[in-house]
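Some notes on the structure that comes next.
The values are calculated or read from the model by the stated rules, or taken from the named source; none is laboratory data. Every value quoted in this text rests on a predicted model; they were computed, and no experiment measured them. Backbone-built Cβ (ideal geometry, glycine too); neighbour counts: all protein chains shown.
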């Protein structure tokens, strides 16, 4: 084994978890030091074993924390808690299955069960079918989102919830309400080819990505999916179309770029860093709303331009909170606290600005509307209506137009970006890169998402989706399966083809789960 030789601490920390476990397991303790080191060695082995148990055996010990995905970070915290061996604790986890391949999921469920067996209560917010079925008790909330939700539809053992007529999740678990799949015949007359990809663990592979289709890139955690699509393909395209400075990962060439007109990355990064950023500002809806208010008789009489209805500049905003609607209180050693502004009452605008109304509502009341309500309110304003309907189409009808960007989840931020794209005029030949768009989505929401993705594809565009959700993989036109494992055991193109052909391929780590 390559890690049997003696090594320094720097070399040890550069090892993946699985190799570090092997090295420590075979180590010969110096004579006379055995008893003194046995306790420390046992603790290190125990902690490494917990990282292995939650599916992180491919991570190197010196991996920078800012390069970890949200799912990886959460599973490291989970391993830490299992290692602590506490009991009588309530653990609350938010979608621990994010970023996990179906093959790794069983180990995560075992880890959660171990936490429970130590005498703890484990509360998991989750959409993954296997995790839901493995629960001792299921609480199903719905029936919809936002104002259409907030009701406990059913509670009990999973087998009991399945039988409950009101439960949306129960219907899904029975398989009585299957997704509509609209696979397109995989015509490979146009494609982008990545030659000799060898960044990180990629093993000099050539990968052909068919254009005009919905392509799913799959494989176990750490198999090289993100390295291939994000580090190489995205950066090459960003350099070509946007003159970006980021250096692509090691490869020879990317052929076929001339067959696409632009690239759009739909990731889970926030849609803005400031509390003033919101879905209305990101999609451009606020610009159109401000223009409507500026044309009203009272605005013209008072000389108000569109800038009067912005909370980013002086004039119409509340100056005490500077348009934030809240005052930040510095708590020194604790996180900052926010209290509602006592001058504007959280409305962001001053009294004079709020006196201007459209159909009986002022600008603050419009921003408090949900996308669904606003789409009806502005149905006679075509350009604005198109944006609001797009937000509803991606399953975000429940969010408020003025909802602060930092209150949106990664999945919600990603769907706001999708809605923004959906509302724009589209001439086809665009390549969309999506990273796990099902994050935070219930089965019913995935149904809506697939309709949107199919709509983009049918308009002549291409979609490349890094995804673990089996429903989305089955719904793809073409699948590129990486593997066979993670880290040094991955980096190979194991199989590619239609979902049906992968399901019959014994080499494919994803095919057996499809």
- Query: Which one is modelled with the highest pLDDT, of the residues in segment 174-198 that are touching a helix residue (DSSP H, G or I) at 6+ places or on another chain (Cβ under 9 Å), farther than 14 Å from residue 474 by Cβ and surrounded by fewer than 16 Cβ atoms within 10 Å (Cβ to Cβ)?
  - Reply: 190
- Number of the exception - residue 318 against (1) crowded, with 19+ Cβ neighbours inside 10 Å; (2) out of contact with any helix residue (DSSP H, G or I) (no Cβ under 8 Å at 6 or more places or on another chain); (3) closer than 30 Å to residue 390 by Cβ: (3)
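Here's the yes/no breakdown for (1) free of Cβ contacts under 8 Å to residues at least 12 places away in the same chain; (2) at positive phi:
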site	(1), (2)
18	no, no
23	no, no
33	yes, no
54	no, no
84	yes, no
93	no, no
99	no, yes
107	no, no
- The condition from (1) surrounded by fewer than 20 Cβ atoms within 10 Å (Cβ to Cβ); (2) over 26 Å from residue 265 (Cβ atoms) that residue 375 misses is numbered (1)
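Quick one: which residue in 368, 421, 412 is modelled with pLDDT under 90 and in contact with a strand residue (DSSP E or B) (Cβ under 7 Å, 6 or more places away or on another chain)?
Numbers: 368 fails: modelled with pLDDT under 90; 412 fails: in contact with a strand residue (DSSP E or B) (Cβ under 7 Å, 6 or more places away or on another chain).
From the options 368, 421, 412, the qualifying one is 421.
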- Message: Filter segment 240-255 down to the residues that are surrounded by 16 or more Cβ atoms within 10 Å (Cβ to Cβ) and under 28 Å from residue 428 (Cβ atoms) and list them by number.
- Response: 248, 251, 254
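Kindly provide the set of residues from segment 135-144 that are in contact with a helix residue (DSSP H, G or I) (Cβ under 8 Å, 6 or more places away or on another chain) and either assigned to a loop (DSSP other than H, G, I, E, B) or within 20 Å of residue 396 (Cβ to Cβ) (or both), ordered by number. Outline the logic, then answer.
As a first pass, look at segment 135-144 and keep what is in contact with a helix residue (DSSP H, G or I) (Cβ under 8 Å, 6 or more places away or on another chain): 135-136, 138, 140, 142-143.
Selection gives 135, 136, 142, 143.
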- Within segment 296-305, identify whether any single residue is exposed (fewer than 15 other Cβ atoms within 10 Å of the Cβ) and modelled with pLDDT under 95, and answer yes or no. no
